[in-house]
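Report on the structure given below.
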Amino acid sequence: MSILIEADTRILIQGITGRDGAFHTERMLDYGSRIVAGVSPGKGGTSVHGVPVFDKVAEAVAMTGAEASVVFVPANRAVEALYEAADSRGIRMVVCITEKIPTIDISRIYHYYRSNLVGLLGPNCPGIISVGKASLGIMPGAIFKKGSIGVVSRSGTLTYEIVDCLSKAGFGQSTCVGLGGDAIVGTSFVEVLGKFEDDEETSAVVLIGEIGGDDEQRAAEFIMSMSKPVVAFVAGVSAPREQRMGHAGAIVFGGGESAEAKIKAFESASIPVAKSPSEVPRLVARVLNNHGGK
Amino acid sequence: MKLHEYQAHKLLRDFGVPSPEGEVVFDVSSAVEAYNRLGSPVVLKAQVLCGGRGKAGGVRLAKTAEEVERAAAALFSLQIKGFMVEALLIQKAVDFDEEIFFSLSMDRSSKCPCVIVSPHGGVDIETLALEKPESIYRIPIDPIEGITPQKSLEIAEILAYSDGIQGLRDLINKLYSAFVGLDALLIEINPLVRTPRGDFLALDAKIILDENGLYRHPQLDFLTKDRCDDPLLARAKELGISFLPLQGEIGCIVNGAGLAMATMDAILARGASPANFLDVGGSSNMTKIEVGFELILRNANVKAIIINIFGGITRCDEIARGVIIAKKKLNTSVPIFARMKGTNSESALKILSSADIVTSETMDELIETATSFLMA
């Protein structure tokens, strides 16, 4: 069992005929993901890399049994696409790659998804990869190596950097989850940590946080109740206050949102915090060692 | 995007949120003219995009034309937290009995718009949180149903005496309409005052707009045009580059916001300091690199440039070509240190080495090479 997705998860791509949608569909297929359908209004009946395209999500679900969707639809039409997926009565998880969706819309979608029991990853996220099984999103499959480290992150390329360090040091990964860089995202650190805790394929977790919000503090509190060890990294020690650092959600308003405050929260919960991406594998080796000795 | 107070008042009035009569002026003589139209007394308020204006002496009361002239001249020469005062809002002074703190913001924890109120307004919320924390109330609003009659009553009852409830409920509804209608991340009215006649007035107004929502408000275009008088920054924004100038000496070009921050942190950890944050974004192309170089090299303090790319979608060879072109075009002698990893990195490294650019295998090596060069 993996977390969130399985090797045989039937995947739908919304916005499959767009430039990014088509490009990443091919890469996901190459990785072995089971993509059963695409949706692009007005393009029904065509196909992209051999994947049949439908006009509507409900139609695609009825015809192919799709159960997870990856959304590449541009921001001005993504909101509609997200509601359509939730209303399709078949899609149980949505990965939203699209960035720049207005915050009030995501706030409504968040609550709508929760009340309809549909999972949401993102928006503005790189997706999820169940190593060796399936990839939903835009993560570069080649850097991952099969193993037992779960990775959960708010960022994209920084995650790749750390995953690459882990792979090179011989620490393969079970699942890697990108939560997204916006102020409001569908899934929190705590929810993913809970899934890793229950996942028999995962032995330790690497958490990659950054400035903004207090999701890391909640995670630190949750980790104290976990049996599996966690190593953290927090980006943005050098970030000035009240300035947005690229990600819409990476901004420090109150003191609690700074990298220092987050690092302190982890350290006071006895969670080791790496000072650089390359230090992550060393800390993982240490916690696994200590853990084995328990 | 933060707005000036005068812009915030203007937008809020369109939603029926009243504020004292006022005019915005950009020089001393217009301030006096505004005073002549508004009548005595007036309040002159420096328009700066930061808090702490009152404490910095950015608000003055004036009762005569001479006082207005003196106050305006003083305010225009003021610098508040590094911001120059370029505009003043001249408002007719009003009497009031009560000062309320009211804000509506997007709450990251509950993923809801959240009303924060206190009947003890007029001081900043941080001070209030220290001195009278029990007087601050947080009321989350369900974004799907909006402000229900029960919610507006709940909020109004916290704030007003029996005779003001209905007026306050109307105002709360208008503020919420503005919050949603403008795609705001924050609307803060502090103080929201009640006049002796029982009317409510927004004496101050702070708005932060959600940049992701701007595309559906073409009527707000004037706000961005007002401030983007820098064509290079405008071009960078158009290309999807996030750029923020800082105080240090090492320029940074990185793909991805998280990796960009981690790169800056690593520079800092080695005792040097970053000159900027720069995320070239996904699917980076040569033009983006050129614009990035131009932005960085405008700063004469920059003594070295670090390029850290982890190519997933990004093709490293394309970035490398962009670096060569930019280096030639801008004819710069500032040393460049590059590390490129991922898609097409081998050909990228060849291209860079042929142009005498120092390349590194890992991020650690990159930072170490660049910082030791600087300290040598």
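The values are calculated or read from the model by the stated rules, or taken from the named source; none is laboratory data. Quick caveat: nothing in here was measured; it's all calculated off a predicted structure. Because the Cβ atoms are built from the backbone with ideal geometry, glycine has one as well, and the counts that use them run over all protein chains shown. Side chains included, ligands, DNA and RNA excluded: accessible areas come from the protein's heavy atoms. Shrake-Rupley method; radii C 1.70, N 1.55, O 1.52, S 1.80 Å.
Structural remarks
- Out of A:ILE101, A:ILE106, sole residue that is out of contact with any His (no Cβ under 9 Å at 6 or more places or on another chain), over 27 Å from A:ASP8 (Cβ atoms), open to solvent by less than 10 Å² (accessible area, probe 1.4 Å) and assigned to a loop (DSSP other than H, G, I, E, B): A:ILE101
- Pick from the stretch B:52-74, criterion free of Cβ contacts under 8 Å to residues at least 12 places away in the same chain and in a helix (DSSP H, G or I), ranking: surrounded by the fewest Cβ atoms within 10 Å (Cβ to Cβ): B:GLU66
- Across the stretch A:113-121, not a single residue is classified as touching a Pro at 6+ places or on another chain (Cβ under 6 Å), at pLDDT 95 or above and within 10 Å of chain B (Cβ to nearest Cβ).
- Among the criteria (1) open to solvent by 10 Å² or more (accessible area, probe 1.4 Å); (2) in a loop (DSSP other than H, G, I, E, B), the one A:THR202 does not fulfil is (1).
- Selection count, the stretch A:261-272, where residues are away from chain B (no Cβ under 12 Å) and buried (at least 20 other Cβ atoms within 10 Å of the Cβ): 4
- Enumeration of residues in the stretch B:177-198 that are open to solvent by 10 Å² or more (accessible area, probe 1.4 Å) and in a helix (DSSP H, G or I): B:SER177, B:VAL180, B:GLY181
- Test: residue in the stretch A:149-156 that is crowded, with 24+ Cβ neighbours inside 10 Å, within 10 Å of chain B (Cβ to nearest Cβ) and either farther than 23 Å from A:GLY236 by Cα or modelled with pLDDT under 95 (or both): yes
- Between A:GLY132, A:GLY119, A:GLY141, A:GLY137, the distinction of being surrounded by fewer than 20 Cβ atoms within 10 Å (Cβ to Cβ) and at positive phi belongs to A:GLY132 only.
- Pick from the stretch A:228-260, criterion more than 10 Å from chain B (Cβ to nearest Cβ), modelled with pLDDT of 90 or more and more than 25 Å from A:PHE144 (Cβ to Cβ), ranking: surrounded by the most Cβ atoms within 10 Å (Cβ to Cβ): A:SER258
- Taken over the stretch B:304-340, the criterion of being of a type in the set (S, T, N, Q) and surrounded by fewer than 21 Cβ atoms within 10 Å (Cβ to Cβ) is satisfied by B:ASN331, B:THR332, B:SER333.
- Boolean, A:THR64 is β-branched (Val, Ile, Thr) and touching a Lys or Arg at 6+ places or on another chain (Cβ under 7 Å): yes
- Restricting the stretch B:122-176 to residues that are small (Gly, Ala, Ser) and part of a loop (DSSP other than H, G, I, E, B), the residue that is surrounded by the fewest Cβ atoms within 10 Å (Cβ to Cβ): B:GLY146
- Among the conditions (1) touching a Phe, Trp or Tyr at 6+ places or on another chain (Cβ under 9 Å); (2) in contact (Cβ under 8 Å) with a residue 40 or more places away in the chain, the only one that A:GLU99 does not satisfy is (1).
- Pair list, Cβ under 6 Å, 6 or more apart: the stretch B:204-224 residue at negative phi, other residue open to solvent by 90 Å² or more (accessible area, probe 1.4 Å): B:ASN212/A:LYS100
- The listed residue being open to solvent by 40 Å² or more (accessible area, probe 1.4 Å) and modelled with pLDDT of 95 or more, out of B:PRO119, B:PRO113, B:PRO18: B:PRO18
- Qualifying helices (runs of 4 or more DSSP H) (wholly inside the stretch B:201-279; at least 2 residues being open to solvent by 10 Å² or more (accessible area, probe 1.4 Å), more than 9 Å from every other protein chain (Cβ to nearest Cβ) and more than 29 Å from A:GLU260 (Cβ to Cβ)): B:221-227, B:231-238
- Residue tally, condition in contact (Cβ under 8 Å) with a residue 60 or more places away in the chain and more than 12 Å from B:VAL254 (Cα to Cα), over the stretch B:278-330: 5
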